[in-house]
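Below is one structure, written out as structure tokens, with a few remarks after it.
Read the figures in this text as sums done on the coordinates, not as results from a lab. What you see is a predicted model, and the numbers here were worked out from it, not measured in a lab. Neighbour counts are summed over all protein chains in view; Cβ atoms, including those assigned to glycine, are modelled from backbone coordinates with ideal geometry.
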Amino acid sequence: MNTIAIVSQKGGSGKTTLALHLAVASAAAERRTAVIDLDPQASAANWSDRREAELPVVLSAHASRLPREIARVRETGGEMLYVDTAPHSDSAALEAARSSDLVLIPCRPAILDLEAITNTLAFLRTTGTPVLVVLNAIAATGQDARLAEQALSSHQVETCPVRIGRRIALARALVIGQAAQEFEPGGKAAREVRMLHDFVLRRLQDLKTSVNGNPLS
């Protein structure tokens, strides 16, 4: 089972939106998919209550229960698991990162978000789990994304080449328990989510087929 934690110490970075859209993409790829919602606001769980489709399954849990919930998803045949963490919760984020194969950090191209990356990366690096920054809510015009990538380059962190734009469909879809690729299948948001999902799967495959630079037997 592939486990991905979505982590950011900055509120409003788009963690839940990213987790749910990727989870729907995994489910659409016919992978048994679940989301564990660690945020006390339970936004992902509330979205699931509005949803008609069975997948992805969304489980609301306390951070202390995370290992048991991950084991339960694995035991029931889960193939893809996304862990949606709460902002300003180092202990929950650390537990999620330690239990995951990959950590995604959504980051808007704004100074407060870029400054928050420093603290997030500092504690995530203690876990040894690979980290990937996903630039989120990128304006259709301007140099914000390029400038954000330049700022991130000093942190020696991998930045995903797929960016998520500032798309209305991402928010509107969640209101009715959907993701953008269901709400507006031919739209730009749907295309970007599919591209990001494909990239994340390739990154996971790279991680699983190489240990310390040596191919697995």
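Over the chain, the fraction of Cα-Cα pairs per 5 Å bin, rounded to whole percents and listed from the shortest bin up, is 1, 7, 16, 20, 22, 18, 11, 4, 1, 0. Quick check: the distance between the Cα centres of segment 84-106 and segment 120-183, to the nearest angstrom? Using only Cα atoms to place each centre, the spacing works out to 15 Å. Percent relative contact order of segment 129-217, based on C-alpha pairs within less than 8 angstrom and at least six residues apart? For segment 129-217, the relative contact order is 23 percent. Antiparallel beta bridges, as assigned by DSSP with both residues in segment 88-217, represent about 20 percent of the total such bridges. Taking label points 7 Å from Cα along the Cα-to-Cβ direction, Asp90 and Ala110 give a separation of 2.5 nm.
When all alpha carbon pairs of segment 48-102 are counted in 5 Å bins from zero, the resulting P(r) reads 4, 17, 29, 25, 16, 9, 1 %.
Using Cα positions and a limit of under 27 Å, work out the lysines in reach of Lys208, with same-chain residues fewer than 8 apart set aside. Qualifying lysines at Cα under 27 Å: Lys15.
By DSSP, what percent of the beta bridges with both residues in the chain are antiparallel, rounded to the nearest 5? For the chain, the DSSP antiparallel bridge percentage is about 5. Using the Cβ of Ala63 as centre and a radius below 14 Å, the other residues enclosed give a net charge of -3, where K and R count +1 and D and E count -1. For a modelled paramagnetic label at Ile176, 7 Å from Cα along Cα-to-Cβ, the residues of segment 39-55 in reach, with backbone nitrogen under 20 Å, are 44-55.
For segment 125-217, a/c is not less than 1.5, where a ≥ b ≥ c are the root eigenvalues of the C-alpha gyration tensor, and a/b does not top b/c. That puts it in the oblate class.
Put a dot 7 Å past the Cα of Lys188, heading toward its Cβ, do the same for Ala140, and the two dots end up 0.5 nm apart.
When Lys and Arg each count +1 and Asp and Glu each count -1, what net charge do the other residues less than 9 Å away from Asn2, Cβ to Cβ, add up to? Taking every Cβ under 9 Å from that of Asn2, the sum is 0. Normalised by the number of residues in segment 38-175, the mean separation of alpha-carbon contacts (under 8 Å, six or more apart) gives a relative contact order of 21 percent.
Of the Cα atoms belonging to segment 56-143, the radius of gyration and Dmax stand at 14.8, 47 Å. Using 0.36 nm per residue and subtracting the Cα-Cα separation, the extra length available between Val162 and Thr126 on full extension is 10.4 nm. Paramagnetic label reach from Met195 (point 7 Å along Cα→Cβ; backbone nitrogen cut-off under 16 Å): within segment 150-166, residues 159-166.
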